[in-house]
Protein chains: 2
Amino acid sequence: MKNICLVLEYVGTNYCGFQKQKNGISIQQILENAISLVTKENTKTYPSGRTDAGVHALGQVVNFHTNSKIPPDKFFFLLNNILPKDIRVLKSFEVPNDFHSRKSAKSKTYIYKIYNGKNFSVFDEDRVLFYKKPLDFELLQKGAELIKGTHNFSAFVSSNATTKTTVRTIYRSTFQKKGDYFIYCIKGNGFLYNMVRILVGTLLEVGSKKRSFDSLKSLLNGEDRNKSGKTVSPCGLYLKEVNY
Amino acid sequence: MKNICLVLEYVGTNYCGFQKQKNGISIQQILENAISLVTKENTKTYPSGRTDAGVHALGQVVNFHTNSKIPPDKFFFLLNNILPKDIRVLKSFEVPNDFHSRKSAKSKTYIYKIYNGKNFSVFDEDRVLFYKKPLDFELLQKGAELIKGTHNFSAFVSSNATTKTTVRTIYRSTFQKKGDYFIYCIKGNGFLYNMVRILVGTLLEVGSKKRSFDSLKSLLNGEDRNKSGKTVSPCGLYLKEVNY
């Protein structure tokens, strides 16, 4: 029995999210179907984590077990021949039997893309958030800086979520400006449900002068969800990489 | 009666091309419907030229006549409220009554995007040509340079086309390299049917050492269509701007 790891890129727009669901087509369903076609086995895949409907991936990591004799690196080619145009395997390789995409992960990096100009491009539809109120880059940077470190992120988790602890450690939290685009990058040891999207929603309030640094700071000490900003659209969010 | 000019951006993927057709949804049809909804008049639009199915625009120019009292610059906002997400008005303004988007045009600029690396991104699907054979940037540049000037482009027109003359003048023809991407830019006083796509198909043969400079040179003296390269996919082609 081999344990095969896949690194995946996908456009999330057409799917109900990564995870299999009863009421929609998921990336996991499509991927497991493709693997089963190749291996002639029933397949169960283990992702580094779910991504929500409309969220994209530049480097999602998934593993699965197989008795197939197909050389591990050939899954790259065989699966890309079957997968739809918006899901692509970037690499396939064998990993130790105890490797688990989620449990073995040390950290994850997400980016969130925002456009803050006057002419939102049709080519950015479903891929970038169009934010119309003027944003102050320096405020965004300073706000992002506050998020680094270990905090209780209870104010930044969807109220539907159930988790043992809401404490997480953030290694990187930065904004970059490229013309009218603002790119937020966050790397942490784990993320709560909707955490990046609520953090961005709150940072956009800081960047548009609707929320003070002090307010953001106090939110990082374990506040209620209703005190933080709104959950921004999934369309600007990309799972960039998973680190092991 | 006012003459209104629109500058449009669109993703061509979902349409049968700019021009109205019996067997598909065109950008022109969608645009005229939207204008009619706003002006409550029957509308006829005049584009700077057609774009084929799957071809994109960053700056297509279209004009139409109206008796509506709507301020010309307000069409920008009113039409964008109605148009689908893949078609967008960048500007709207009044032009002299004798202005005609095609007849008044002095030149047009197209770009063509090519990816020549190993990992074609899902985000480039339908927007960039994936060319797998290795390309030599210097050969591409030198080949592109030969196209500048006034030539008989009879080898670079779809065999279905009927045109009085196949002589055109090219003001700019350059390749740019950005990582694994090659961006071709061509500006000319006019373009024959499929001309840019056949030029790119032929330049890719030069860049992959399948065709000599001499062969390309001789094609520019009025050769048959069957001597030049293939018509590359519409997906990499963008009408960048129209100059008046």
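The values are calculated or read from the model by the stated rules, or taken from the named source; none is laboratory data. The structure presented is a predicted model; accordingly, all values stated were derived computationally and were not measured. Here Cβ is always computed from backbone atoms with ideal geometry, including for glycine, and neighbour counts include all displayed protein chains. Keep in mind that these areas ignore ligands, DNA and RNA; they rest on the heavy atoms of the full protein, side chains included. Shrake-Rupley method; radii C 1.70, N 1.55, O 1.52, S 1.80 Å.
When the accessible areas of B alone and A alone are added and the area of the pair subtracted, with a 1.4 Å probe, the result is around 1700 Å², both sides summed.
Excluding B:PHE93 itself, calculate the net charge of residues whose Cβ lies under 15 Å from the Cβ of B:PHE93, where each Lys or Arg counts +1 and each Asp or Glu counts -1. Value of the local net charge: +1. Taken one residue at a time, the phi angles of segment B:238-244 give Karplus couplings (6.51, -1.76, 1.60, θ = phi - 60°) of 10, 6, 7, 7, 10, 10, 10 Hz. Gly and Pro are set to x. All other residues whose Cβ lies under 15 angstrom from that of B:ASN14 are scored, Lys and Arg at +1 and Asp and Glu at -1, for a net of -4.
Rounded to the nearest Hz, the phi-derived 3J(HN,Hα) couplings of segment A:114-124 under the Karplus curve 6.51 cos²θ - 1.76 cosθ + 1.60 (θ = phi - 60°) are 10, 10, 10, x, 9, 10, 5, 7, 4, 6, 9, where x marks glycine and proline. Residues B:THR174, A:THR162, sorted by accessible area with the largest first, give A:THR162, B:THR174 [1.4 Å probe; ligands and nucleic acids excluded].
Against chain B, whose longest principal axis is taken from its Cα atoms, helix B:27-39 shows a tilt of about 20°. Is the shape of the protein assembly as shown rounded, prolate or oblate, going by the alpha carbon gyration tensor and its root eigenvalues a ≥ b ≥ c, with a/c under 1.5 for rounded and a/b larger than b/c for prolate? Note, shape of the protein assembly as shown comes out oblate. Just checking the listed ones, A:LYS40, A:LYS22, A:LYS230: in the Gaussian network model of chain A with Cα springs under 10 Å, the one fluctuating most is A:LYS22. Give me the distance between the Cα centres of segment B:38-90 and segment B:151-175, rounded to whole Å. About 28 Å separates the Cα centre of segment B:38-90 from the one of segment B:151-175. Residues of segment A:96-129 falling in the label zone of A:LYS177, defined by backbone nitrogen less than 19 Å from a point 7 Å along Cα to beta-carbon, are A:112-120, A:129. Between A:ASN23, A:ASN80, A:ASN221, the GNM of chain A built on Cα springs shorter than 10 angstrom shows A:ASN23 fluctuating the most.
Among B:VAL200, B:VAL55, B:VAL95, the largest mean-square fluctuation in a Gaussian network model of chain B (Cα springs under 10 Å) belongs to B:VAL95. Normalised by the residues of chain A, what does the relative contact order come to in percent, with Cα pairs under 8 Å and at least six apart? The value is 24 percent. 222 nm [θ] for chain A, helices only, -39500 (n - 2.57) per DSSP H run of 4+, per residue, to 500? The helix contribution divided over chain A gives -6000 deg cm²/dmol. Between A:THR13 and B:ASP136, the modelled label-to-label distance comes to 3.8 nm, taking each label 7 Å out from Cα in the direction of the beta carbon.
Of all chain A residues, the closest to the A-onto-B rotation axis by Cβ, with that distance in whole Å, is A:PHE123, 5. Between B:SER159 and B:ILE70, the C-beta separation translates, for a Förster distance of 56 Å, into a calculated FRET efficiency of about 0.80.
Between amide H atoms placed 1.01 Å from N, distances below 5 Å from A:LEU129 occur with A:LYS113, A:ILE114, A:TYR115, A:GLY236, all of them 5 or more places distant or on a separate chain. Applying the Karplus relation 6.51 cos²θ - 1.76 cosθ + 1.60 with θ = phi - 60° to segment B:139-156 yields 3J(HN,Hα) values of 5, 4, 4, 5, x, 4, 4, 5, 6, 4, x, 9, 9, 8, 8, 4, 7, 10 Hz, where x marks Gly and Pro.
Here the relative contact order of segment A:1-51, from alpha carbon pairs under 8 Å that lie six or more residues apart, stands at 26 percent. Between the amide H of A:HIS151 and those of A:ARG168, A:ILE170, distances stay under 5 Å, these residues lying 5 or more places away or on another chain, with hydrogens modeled in the peptide plane. Within the shell of other residues whose beta carbon sits under 11 angstrom from the beta carbon of A:HIS151, the net charge comes to +2, with Lys and Arg scored +1 and Asp and Glu -1.
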